[in-house]
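The values are calculated or read from the model by the stated rules, or taken from the named source; none is laboratory data. As the structure is a prediction and not an experimental result, all values here were calculated from the model. Using ideal geometry, Cβ is built from the backbone for each residue, glycine included, and neighbour counts are taken over all protein chains shown. Ligands, DNA and RNA are stripped out before the accessible areas are found, and what is left, the full protein with its side chains, is counted by its heavy atoms. Shrake-Rupley method; radii C 1.70, N 1.55, O 1.52, S 1.80 Å.
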Protein chains: 2
Amino acid sequence: MDNLNIGRHISGQFNEDLERVINHVMQMGGLVQKQVTDSLQAVSEADEDLAKQVLANDYQINNFEVSIDDECTRIIAKRQPAAGDLRLILAIIKTIADLERIGDEAEKIAEVATESFSKSQQDLLNSLENLGNRVASFLQATLDCFTRMDAEAAIEAHKMDSKIDKEYEALMRQLMTYMMEDPRSIPQVMSVIWSARALERIGDRCQNICEYIIYFVKGKVVRHTSPEDM
Amino acid sequence: MDNLNIGRHISGQFNEDLERVINHVMQMGGLVQKQVTDSLQAVSEADEDLAKQVLANDYQINNFEVSIDDECTRIIAKRQPAAGDLRLILAIIKTIADLERIGDEAEKIAEVATESFSKSQQDLLNSLENLGNRVASFLQATLDCFTRMDAEAAIEAHKMDSKIDKEYEALMRQLMTYMMEDPRSIPQVMSVIWSARALERIGDRCQNICEYIIYFVKGKVVRHTSPEDM
């Protein structure tokens, strides 16, 4: 967290505020990560209890979002941060919105694990595994970048999304073929498709968070910028 | 825009800043609305040229997002707003992020209009019309609430989303049945499904914007609150 230059602030109180809010974001990030890996495990092991636990835990993520957002607003109002400090707070406000929605996507995946699949259809769910692993790694990398506020690492991590998109498209083609060959399977395959879509969306949201980190460190908006220009 | 109480600010410069940024959000909102209605028209009239125009226009929405975000950051840094003023700027920062993503959803809908559908399949696309009209009305209502910063109207508008969700689910069931009856149509039906999904997502994002308006006016976070409690 060297990039935060926390030492340089004249106001010790401001440092404490910043450190506290960053700690809360990390706690929230850890919880979101657990929700995503638990939902994937629930699907791959057809573990309905674990899936229900994921659904029951989502409110904690929502609470984190509301309280951190409130914390950030109060810091801006009280400490009137400028330049880098303000960019950091704004980056945090945006990050927690994306984290909260990653939590919602985990819920969608968990819901699929509460549906009943025949043994042969369980293979279908297993087809999510590669995509799931890739997305979980991206989320891990993104949270690491956030913890270290490392823009270079965020630029690298950002590129992981294009592989996720390719894997997602390949899986989608495979699932469409499956539906055409066995139309009775359509409702189940559609559930798998929604899970795959949720995973793809998590990738997009990790990419957003990487962009906020780059914005904070470099002071430059890189949304809507091609990977090369970045 | 009476709720903004623009008259009460001591600094005339701050008033000008606020009015300018709100005007920019309204311009952005108007453009987003046009993109959504154009994409729907492109689908219903199989108008490939119009669809391409929607795809070509998206960069303007992205530019709006980046420049308004930048404007808001500079206002916070320079004017150090507190309480209601700060809440307004933060609500704007969040609103433009959702508007930008509504623009992305319009792009997804327009992409479907660039695909080729047989005459009989064109009926499928027409099934989007009701959902599309409903979503376009919700977007219109949301932008009206924003223009007037009317929290009561935002609470009312917020409820429109549950009807959209119901319509979306009914359409989804219909499309699944269609696929099961005619598996050769699956690729085309999937395109319609993605458009329907995009519309449903636009509804969710309008709902977010209503919540930001309520947050600004009432100073209360209503995300994750049931409609009754709201």
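Among the numbered criteria (1) among the small types (Gly, Ala, Ser); (2) free of Cβ contacts under 8 Å to residues at least 60 places away in the same chain; (3) over 17 Å from A:PHE216 (Cα atoms), which one does A:ALA157 miss?
Of everything listed in (1) among the small types (Gly, Ala, Ser); (2) free of Cβ contacts under 8 Å to residues at least 60 places away in the same chain; (3) over 17 Å from A:PHE216 (Cα atoms), A:ALA157 misses just condition (3).
Of all the residues that make up the range B:208-230, how many are assigned to a helix (DSSP H, G or I) and either surrounded by fewer than 16 Cβ atoms within 10 Å (Cβ to Cβ) or in contact with a strand residue (DSSP E or B) (Cβ under 8 Å, 6 or more places away or on another chain) (or both)?
Quick first cut of the range B:208-230, residues assigned to a helix (DSSP H, G or I) only: B:208-218.
Filter again for either surrounded by fewer than 16 Cβ atoms within 10 Å (Cβ to Cβ) or in contact with a strand residue (DSSP E or B) (Cβ under 8 Å, 6 or more places away or on another chain) (or both), leaving B:218.
Summing the residues that are assigned to a helix (DSSP H, G or I) and either surrounded by fewer than 16 Cβ atoms within 10 Å (Cβ to Cβ) or in contact with a strand residue (DSSP E or B) (Cβ under 8 Å, 6 or more places away or on another chain) (or both) in the range B:208-230 gives 1.
Among the helices (runs of 4 or more DSSP H) confined wholly to the range B:36-126, which include 2 or more residues that are crowded, with 22+ Cβ neighbours inside 10 Å?
Output list reads B:48-79, B:83-113.
Can you work out which of the residues in the range A:98-122 that are modelled with pLDDT of 95 or more and among the hydrophobic types (A, V, I, L, M, F, W, C) is farthest from A:ILE214 (Cα to Cα)?
That would be A:ALA110.
For the range A:193-208, how many residues meet the condition of being more than 13 Å from chain B (Cβ to nearest Cβ) and among the hydrophobic types (A, V, I, L, M, F, W, C)?
Total meeting the criteria: 3.
Using beta carbons and a limit of 7 Å, which pairs, at least six apart or on different chains, have the first residue in the range A:82-100 and touching a residue at least 12 places away in the same chain (Cβ under 8 Å) and more than 11 Å from chain B (Cβ to nearest Cβ) and the second one open to solvent by less than 10 Å² (accessible area, probe 1.4 Å) and not in a helix (DSSP H, G or I)?
none
Is it the case that A:VAL221 is under 28 Å from A:THR95 (Cα atoms) and within 13 Å of the chain's Cα centre (by Cα)?
On the way: under 28 Å from A:THR95 (Cα atoms): yes; within 13 Å of the chain's Cα centre (by Cα): no.
Judged against the criteria, A:VAL221 is not a match.
In the range A:69-83, is there at least one residue being farther than 24 Å from A:LEU18 by Cα and of a type in the set (Ser, Thr, Tyr)?
Our first condition is that a residue be farther than 24 Å from A:LEU18 by Cα; within the range A:69-83, this holds for none.
Checking the range A:69-83: not a single residue is farther than 24 Å from A:LEU18 by Cα and of a type in the set (Ser, Thr, Tyr).
Within the bounds of the range B:173-182, is there any residue that is open to solvent by less than 30 Å² (accessible area, probe 1.4 Å), in a helix (DSSP H, G or I) and either hydrophobic (A, V, I, L, M, F, W, C) or within 19 Å of B:ASN133 (Cα to Cα) (or both)?
yes
Taking the range B:209-222 as the search range and keeping residues that are touching a Phe, Trp or Tyr at 6+ places or on another chain (Cβ under 8 Å) and within 14 Å of chain A (Cβ to nearest Cβ), which one is nearest to B:ARG134 (Cα to Cα)?
Among them, the one singled out is B:ILE209.
Out of curiosity, is B:PHE64 of a type in the set (Phe, Trp, Tyr) and farther than 30 Å from B:SER185 by Cα?
Spelling it out, B:PHE64 is indeed of a type in the set (Phe, Trp, Tyr) and farther than 30 Å from B:SER185 by Cα.
Restricting to the range B:183-196, name every residue that is open to solvent by 10 Å² or more (accessible area, probe 1.4 Å) and either among the aromatic types (Phe, Trp, Tyr) or touching a Lys or Arg at 6+ places or on another chain (Cβ under 8 Å) (or both).
Result: B:TRP194, single match.
Consider B:ARG205 carefully, then state whether it is buried (at least 20 other Cβ atoms within 10 Å of the Cβ), basic (Lys, Arg) and not in a loop (DSSP other than H, G, I, E, B). Write out each step before concluding.
Details: buried (at least 20 other Cβ atoms within 10 Å of the Cβ): yes; basic (Lys, Arg): yes; not in a loop (DSSP other than H, G, I, E, B): yes.
Yes: the conditions hold for B:ARG205.
Which one of these is assigned to a helix (DSSP H, G or I), under 30 Å from B:ASP123 (Cα atoms) and open to solvent by less than 50 Å² (accessible area, probe 1.4 Å): B:LEU18, B:LEU31?
That would be B:LEU31, the only listed residue that is assigned to a helix (DSSP H, G or I), under 30 Å from B:ASP123 (Cα atoms) and open to solvent by less than 50 Å² (accessible area, probe 1.4 Å).
Determine the pairs where a residue that is more than 9 Å from chain A (Cβ to nearest Cβ) and in contact (Cβ under 8 Å) with a residue 24 or more places away in the chain, located within the range B:176-188, has a partner that is open to solvent by less than 70 Å² (accessible area, probe 1.4 Å) and not in a helix (DSSP H, G or I) with Cβ atoms under 9 Å apart, the partner being 6 or more residues away or on another chain.
B:TYR178/B:SER127; B:GLN188/B:PHE117; B:GLN188/B:SER118
Looking at B:SER195, is it of a type in the set (Gly, Ala, Ser), in contact (Cβ under 8 Å) with a residue 60 or more places away in the chain and closer than 20 Å to A:PRO183 by Cβ?
no
Suppose we keep only residues that are within 10 Å of chain B (Cβ to nearest Cβ) and either over 10 Å from A:LEU124 (Cβ atoms) or basic (Lys, Arg) (or both) within the range A:155-175. Which one would you say is farthest from the chain's Cα centre (by Cα)?
A:ARG173
For the structure I just gave you, tell me whether A:LEU143 is more than 14 Å from every other protein chain (Cβ to nearest Cβ), in a helix (DSSP H, G or I), in contact with a Gly (Cβ under 8 Å, 6 or more places away or on another chain) and open to solvent by 20 Å² or more (accessible area, probe 1.4 Å).
Against the criterion (more than 14 Å from every other protein chain (Cβ to nearest Cβ), in a helix (DSSP H, G or I), in contact with a Gly (Cβ under 8 Å, 6 or more places away or on another chain) and open to solvent by 20 Å² or more (accessible area, probe 1.4 Å)), A:LEU143 qualifies.
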